[in-house]
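Notes to accompany the following structure.
The values are calculated or read from the model by the stated rules, or taken from the named source; none is laboratory data. A quick note: this is a predicted structure, and the numbers were derived from the prediction, not measured. For neighbour counting, all protein chains shown are included, and Cβ atoms are generated from backbone atoms with ideal geometry for every residue, glycine included.
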Amino acid sequence: MHIEFETVKKSTGKRKELVLPEDTLEEYIGTWKIHTLSAQEGIDALDELITEKDEYKENPELITEAVFRKKMIEKATTKDGKPVTSINTEKIPNKLWQILTAANQKLNGLSNEEARFLLEPSASTKKQSTQQ
């Protein structure tokens, strides 16, 4: 499964286009595609973070959710058919970053509601724990 959209500076009237400001750098204009990651791709993303910086090798707990999310977005995203290897969060338009974040969360994340539902003990487990 994937989500695909185009970034443009002026609307062409097409479906699934994200209009960015006129002064947006050309590197952010094009066709973006975010795909569902396999478990191994997620594990690889974490491993890459740990090997990229010495501070993470020594203290992996320093990897914040935001840092991990950025790496997952990079792993799951292509632009104009080419893998996105690094996103400069100081230059990328926030509007584009927000849609990449939302698309990645939809395809590769678990909402709080889904987590609560799936991790809630089943009725038979609840019954057993009350009987003990």
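Computed values, structure above
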| read-out | value |
| --- | --- |
| Hits in region 54-96 (condition: charged (D, E, K, R) and surrounded by 14 or more Cβ atoms within 10 Å (Cβ to Cβ)) | 69, 70, 71, 74, 75, 79, 95 |
| Residues located in region 30-44, provided they are more than 11 Å from the chain's Cα centre (by Cα) and surrounded by 14 or more Cβ atoms within 10 Å (Cβ to Cβ) | 30, 31, 32, 33, 41, 44 |
| Within region 10-32, tally of residues that are in a helix (DSSP H, G or I) and charged (D, E, K, R) | 2 |
| Residue check, residue 34 of a type outside the set (D, E, K, R), closer than 20 Å to residue 1 by Cβ and in contact with a helix residue (DSSP H, G or I) (Cβ under 7 Å, 6 or more places away or on another chain) | yes |
| Conditions (1) modelled with pLDDT of 90 or more; (2) in a loop (DSSP other than H, G, I, E, B): number failed by residue 100 | (2) |
| Residue 92 being more than 14 Å from the chain's Cα centre (by Cα), aliphatic (A, V, I, L, M) and not in a helix (DSSP H, G or I) | yes |
| Test result for residue 122, touching an Asp or Glu at 6+ places or on another chain (Cβ under 9 Å), more than 26 Å from residue 11 (Cα to Cα) and loosely packed, with under 14 Cβ neighbours inside 10 Å | no |
| Any hit, region 60-78, residues being in contact (Cβ under 8 Å) with a residue 24 or more places away in the chain and over 11 Å from the mean Cα position of the chain (by Cα) | yes |
